Amino acid sequence: MSKKLRLLLDECIPASFARQIGASSGVSSVEVINAKHRLENKGTSDADVMAYATRERRILVTVEGRINEKDYTICTHEGIIVVNATRRHEAEKANLFARFMQSGHRSKSGHAVTKLRLERSERLERGPTGSVQSTVFDL
């Protein structure tokens, strides 16, 4: 049985990309931060977004690399997925995310920081000794 993800999409995720993410078979539910969301669309701090995602037990999906393991310690939140293809067309980002959702790496994204890249994606998680371990993978 594969794990379905509960996601919170950051305000920086374009609407068409958000629809494609929501249509993914590996997603159980999606909340999108937009003008109608209780966090609203602009000006909500990253810390408030992460606090909300943690409280609601959702993995945050963003394209902003500044939301990472340095400011948000692994295992203190449900997880972060950063789609690192900022200079790419939305279709390429959606394709990258779709490949991730079909991979075995999706089920390991909880309580980790997953950085999706066109080449050599990476998952950072806490190891048995408490140190951060990096797993590099291709999609």
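The values are calculated or read from the model by the stated rules, or taken from the named source; none is laboratory data. It should be emphasised that the depicted structure is a prediction, and the values quoted were computed from it without experimental measurement. Backbone-built Cβ (ideal geometry, glycine too); neighbour counts: all protein chains shown.
If you go through segment 1-27 and pick out every residue that is closer than 20 Å to Asn68 by Cβ and either charged (D, E, K, R) or surrounded by fewer than 17 Cβ atoms within 10 Å (Cβ to Cβ) (or both), you end up with 3.
Would you mind stating whether Ile67 is at pLDDT 80 or above, more than 15 Å from Glu11 (Cβ to Cβ) and of a type in the set (A, V, I, L, M)? It is false that Ile67 is at pLDDT 80 or above, more than 15 Å from Glu11 (Cβ to Cβ) and of a type in the set (A, V, I, L, M). Contact map, segment 102-127: first residue over 18 Å from Leu7 (Cβ atoms), second residue modelled with pLDDT under 90 and among the acidic types (Asp, Glu), Cβ cut-off under 9 Å, separation 6 or more or different chains; pairs are Leu118/Glu92; Leu124/Glu69.
Scan segment 89-97 and tell me whether some residue there is farther than 17 Å from Gly22 by Cα and without any contact (Cβ under 8 Å) to a residue 40 or more places away in the chain. Yes: segment 89-97 contains one or more residues that are farther than 17 Å from Gly22 by Cα and without any contact (Cβ under 8 Å) to a residue 40 or more places away in the chain. If you go through segment 83-105 and pick out every residue that is in contact with a helix residue (DSSP H, G or I) (Cβ under 9 Å, 6 or more places away or on another chain) and modelled with pLDDT of 90 or more, you end up with 5. Looking at Ile80, Ile67, just one residue is among the β-branched types (Val, Ile, Thr) and touching a helix residue (DSSP H, G or I) at 6+ places or on another chain (Cβ under 6 Å), and that residue is Ile67.
Residues of segment 59-66 include none that is among the hydroxyl-bearing types (Ser, Thr, Tyr) and either in a helix (DSSP H, G or I) or free of Cβ contacts under 8 Å to residues at least 12 places away in the same chain (or both). Considering segment 21-45, the residues that are in contact with a Lys or Arg (Cβ under 7 Å, 6 or more places away or on another chain) and either under 18 Å from Val82 (Cβ atoms) or in a helix (DSSP H, G or I) (or both) include one that is modelled with the lowest pLDDT, namely Glu31. Those strands (runs of 3 or more DSSP E) of segment 67-139 in which at least 3 residues are surrounded by 14 or more Cβ atoms within 10 Å (Cβ to Cβ) and in contact with a Leu (Cβ under 8 Å, 6 or more places away or on another chain), considering only elements entirely within it, cover 80-83, 113-116.
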